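Participant: Sending over a structure as structure tokens; questions will come in a sec.
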Amino acid sequence: MPRLKLTLAYVGTTFEGWQSQPGGNTVQDALEAALAKIADEPVRCRSAGRTDAGVHAIGQTAHAGVPGRRRDVDWRLALNSLLPSAISVLEARWVPETFHAQYSALGKTYAYSLWPERSFCLPQRQPFLWKCGPLDLSLLRAAAGELTGRHDFASFMNLGTPVAHTVRDLRSIEVAELPPAAPGLPGEIVLRFTADGFLKQMVRNLVGCLVLAGKGKLSPEDVRMIRMAQNRARAPETAPPQGLCLERVDYGEDGLGQDRRQRVCGPGDDG
């Protein structure tokens, strides 16, 4: 059956995450309903990662098999005419049937947005960031240095989805302070995580740890010991979902990646 690769953006505020649920209020449910209406038959899709309720995306990837008789459809245009306004298809392209949105991925990038003030926040940005309060970025960057690299990240994985192992290569943590939107306002702080894969709620758990470090409540040595403990009970609480956005899934120059079923990614690979 012909296979479509879809690149998606969505605002996760009103959805119960990506993965289909009985209530039907998920991104996957909305996308499959639109696919089925165009295909005139049920269509299942698979994503690169199962974002949680409230988490956003500007570069989620999914694949779906669709009937050959629908090959002449402009799938991007047709899907966007049916999807809720909070979901958009950015690209729809035909790929080989061996392509898999999750297992062909070479890596992912998530961004987490922070607002370094508690008393005021731009109303337009409130659904997309965490009002965490002031941070010392030099302390935060020093703690981030204890997390990058290939490590066992069991301390930063929430329970709920089985995985083959908890080792991931966290290739980089970028810490960026954006220019203020208006005089007298602070600039947003964006933490950008790139890795070969992520465990369940791993990014949000890393953010919770880094924010405490940026407040001077955890030293770089504390962060290293939390990581080395490989024990979720040793790590701080999970950061809230609304600051998290799946920015990009990497499939290499040809956009097809390679089969990684026996390597890193598993059923629990998400942010």
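Participant: Taking the stretch 116-142 on its own, how many of its residues are among the hydroxyl-bearing types (Ser, Thr, Tyr) and part of a loop (DSSP other than H, G, I, E, B)?
Facilitator: Within the stretch 116-142, residues that are among the hydroxyl-bearing types (Ser, Thr, Tyr) and part of a loop (DSSP other than H, G, I, E, B) number 1.
Participant: Of (1) crowded, with 17+ Cβ neighbours inside 10 Å; (2) assigned to a helix (DSSP H, G or I), Ala101 satisfies all except one. Which?
Facilitator: Only one criterion in (1) crowded, with 17+ Cβ neighbours inside 10 Å; (2) assigned to a helix (DSSP H, G or I) is unmet by Ala101, namely (2).
Participant: So which residues in the stretch 55-70 are in contact with a strand residue (DSSP E or B) (Cβ under 8 Å, 6 or more places away or on another chain) and part of a loop (DSSP other than H, G, I, E, B), if there are any at all?
Facilitator: Hits for the stretch 55-70 are Val55, Val66.
Participant: Hey, could you check the stretch 136-180 for residues that are of a type in the set (Asp, Glu) and in contact with a strand residue (DSSP E or B) (Cβ under 6 Å, 6 or more places away or on another chain) and say which is nearest to Ala235 (Cα to Cα)?
Facilitator: By that ranking, first place goes to Asp152.
Participant: Right, something else. State all residues of the stretch 3-30 that are free of Cβ contacts under 8 Å to residues at least 12 places away in the same chain and of a type in the set (D, E, K, R); if no residue qualifies, say none.
Facilitator: Asp29
Participant: Taking the conditions exactly as written (surrounded by fewer than 22 Cβ atoms within 10 Å (Cβ to Cβ), in contact with a strand residue (DSSP E or B) (Cβ under 8 Å, 6 or more places away or on another chain) and either in contact (Cβ under 8 Å) with a residue 12 or more places away in the chain or not polar (S, T, N, Q) (or both)), does Gly255 satisfy them or not?
Facilitator: Taking the combined requirement at face value, the residue satisfies it.
Participant: Test of understanding: among Ser113, Ser172, Ser88, which residue is at pLDDT 95 or above, part of a strand (DSSP E or B) and not assigned by TED's automatic domain parsing to the domain that holds Ala239?
Facilitator: After applying the criteria, what remains is Ser88.
Participant: If we keep just the residues of the stretch 1-50 that are in contact with a Ser or Thr (Cβ under 8 Å, 6 or more places away or on another chain) and part of a helix (DSSP H, G or I), which is nearest to Ala101 (Cα to Cα)?
Facilitator: Ranking the candidates gives Gln28 first.
Participant: Take the residues of the stretch 39-63 that are of a type in the set (Val, Ile, Thr) and crowded, with 18+ Cβ neighbours inside 10 Å: which is farthest from the chain's Cα centre (by Cα)?
Facilitator: Val43
The values are calculated or read from the model by the stated rules, or taken from the named source; none is laboratory data. Here the structure is a predicted model, which means the values were calculated and not measured. Glycine gets a Cβ as well: all are built from the backbone with ideal geometry, and neighbour counts include every protein chain shown.
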